[in-house]
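Worksheet: the structure to be examined is printed underneath.
We did not get these values from a lab; they are worked out from the coordinates using the rules stated. Nothing here was measured: the structure is a model prediction, and the numbers come from that model. Quick reminder, even Gly has a Cβ in these numbers, built from the backbone with ideal geometry, and neighbours come from all protein chains shown.
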Amino acid sequence: MCRAIVYSSRDPEINYWPNRRWEKMFVRNTEFTRNGFSDIDARTLWHYPAIVVAPHLNATKPGVGNSYLTGFRDKNGEFLLGDRNYKLRVPAEVPVKRFWAVTAYDPVSRSLLDSGGQITVSSLRDPKVNPDGSVDVFLGPAKPEGVSDKNWIKTDPEKGFFLVFRFYGPLEGIMDKTWVLNDLELVK
């Protein structure tokens, strides 16, 4: 039941942007309440893939705390599979005070993806930046030719995966949703 709640949520507020596949890890708040009642599904959305909770994990003040989004599906609504190749274009000027990172996880164990390779691309690791300031993140079992190691997440071709996109010190563009993260696109 936990997997169904997390990986295929029916909560009408789950998507961070209405026209994207990125989902909130905290649907409404870090107290997991709705209209004064305990929201068990919202608690499951956080505590099945994660463990601890603190108010700053769901930033409400610009530049303080963190914000997290999860990605389970590509642009076409298909679950992410390790034997496929994807591209995520992170738009320029990610509105963060500190840094951003995207990391791959195993949907069964909910731990870091054990693919035998790099599973995180982060602005702290100096990925190759496009002339317009965007960053292309490639995901797949083999690194595409010409792609920097710093822009590639290695997936396991035997299993699916999900992503967590973290904003450390999120600023107004994240909080007011004027900066929009692209969906993953399947690369053929």
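What the table shows:
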{"quantity": "Peptide ranges 142-155, 78-91 listed from the most packed, as the mean C-beta count within 10 angstrom indicates", "calculated": "78-91, 142-155"}
{"quantity": "Across K24/K97; K128/K150; K97/K177; K75/K188; K75/K97, pairs whose alpha-carbon gap is larger than 18 Å", "calculated": "K24/K97; K75/K97"}
{"quantity": "For the stretch 128-188 and the stretch 2-43, distance of Cα centres in Å", "calculated": "23 Å"}
{"quantity": "Helical contribution to [θ] at 222 nm, DSSP H n ≥ 4, -39,500 (n - 2.57), averaged over the chain, rounded to 500", "calculated": "-2000 deg cm²/dmol"}
